[in-house]
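Below: one structure, written as C-alpha cells.
The values are calculated or read from the model by the stated rules, or taken from the named source; none is laboratory data. Worth saying up front: this structure is predicted, and the values here are computed from it rather than measured. Note that we place each Cβ from the backbone using ideal geometry, even for glycine, and neighbour counts take in every protein chain shown.
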Amino acid sequence: MTTPTSNAYYNPLLNEIVFPAGILLPPMFDVNATDAVNYGGIGPVIGHEISHGFDDQGAKYDSTGELKSWWTPADYKEFQSRGQCVVDQFSSYTVEGGMHENGKLVLGESIGDLGGVKLAYLAFEKSMEGKPRPPDQDGFTPEQQFFISWGQARGDEIRPDAQRQFVLTNPHPVSKYRVIGPLSNLPEFCKAFGCKAGDAMVRAAELRCSVW
C-alpha cells in the first residue's frame, strides 16, 4: 500500500500489521477529537488487524510466519465452533433484493471486526483508569461516543447493485453489517445505550458470538 492509502493490513508471513498515513486522518483519527472518538475510530481498525493473526486464515500461521498448526486439537475445535457462530450470524443478513451475505466468505473479516471493536473498547476503558471521567459531548457519554464513532467511521451508503456485487465477491461484509454485526454481540454496547432484551441491536444470549 502507498503512503496516502486509507487502509490497513496484516501480513501473516511477517506477522506484522501496517497502517499507511492515509488512514490516520478523519473520520478514523483526528488529533482534535476526544479520546473516545479516536478509540472508537482507529481503535477497532488496529484491533481488527491484530485479530487477523487469529482469524480463520491467520490462525494457520505461527508467530514466525510459518504455515503450521500450533493449536491444541481442543482449542482449534472450540475456535471453529465459535467461528461458526459468526458464519451463521452474517449468513442471516440480507442486502436489498433479498440476497444473503455469505457467512463463510466474510468470516475472517468479521472475526477481525468483532475482536477489533472488543479490543479497542477494552483499551479505551483502560485509558480512563485513574483519571477524571471525560465529560459528555453533545449529550453523549464517552462510552456512547466510542460506539457512535465506529458507526460514523465504518458506515457508508452504496447502491443496491453494488451491494449485491459486493456480497458475491468481497471478503468483507457490507459496511452496514460491519457496524451492526459486532456491536450487537457486545454487552458493553447494550449497557452504553440502555438496550433491553428484544431490542434490534440485542442478540439473544444463546445467539451471541464471542471468538476472543
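Name the residue that is farthest from Asn170 (Cα to Cα), counting only residues in the stretch 48-91 that are among the small types (Gly, Ala, Ser) and touching a strand residue (DSSP E or B) at 6+ places or on another chain (Cβ under 7 Å). Restricting to residues being among the small types (Gly, Ala, Ser) and touching a strand residue (DSSP E or B) at 6+ places or on another chain (Cβ under 7 Å), the top hit is Gly53. Quick check: anything in the stretch 133-142 at pLDDT 95 or above and within 19 Å of Val202 (Cα to Cα)? No: zero hits. Among the residues examined, Asp56 qualifies as farther than 25 Å from Lys126 by Cα and at pLDDT below 95. For Gly116, indicate whether it is closer than 28 Å to Arg164 by Cβ and surrounded by 18 or more Cβ atoms within 10 Å (Cβ to Cβ). Here the answer is yes, as Gly116 does meet what is asked.
Residues in the stretch 19-53 that are farther than 16 Å from Arg178 by Cβ and among the hydroxyl-bearing types (Ser, Thr, Tyr) were compared, and the one that is modelled with the highest pLDDT is Tyr39. Summed over the stretch 137-165, residues that are outside any helix (DSSP H, G or I) and more than 16 Å from the chain's Cα centre (by Cα) total 8.
Determine whether Ser110 is closer than 26 Å to Phe29 by Cα, under 13 Å from the mean Cα position of the chain (by Cα), of a type in the set (S, T, N, Q) and at pLDDT 90 or above. So Ser110 passes the test. Quick check on the stretch 166-183: of everything there that is in a loop (DSSP other than H, G, I, E, B) and within 12 Å of the chain's Cα centre (by Cα), which residue is surrounded by the fewest Cβ atoms within 10 Å (Cβ to Cβ)? Step by step, filter the stretch 166-183, then rank; the result is His172.
Checked against (1) part of a helix (DSSP H, G or I); (2) of a type in the set (D, E, K, R); (3) more than 12 Å from the chain's Cα centre (by Cα), Lys131 passes all but condition (1). The residue that is modelled with the highest pLDDT, among those in the stretch 7-18 that are outside any strand (DSSP E or B) and surrounded by 14 or more Cβ atoms within 10 Å (Cβ to Cβ), is Ala8. Search the stretch 111-126 for residues that are farther than 15 Å from Gln145 by Cβ and pair each with any residue that is acidic (Asp, Glu) when their beta-carbon atoms are under 7 Å apart and the residues are at least 6 apart or on different chains. So the pair list comes out as Ile111/Asp55; Ile111/Asp56; Gly112/Asp55.
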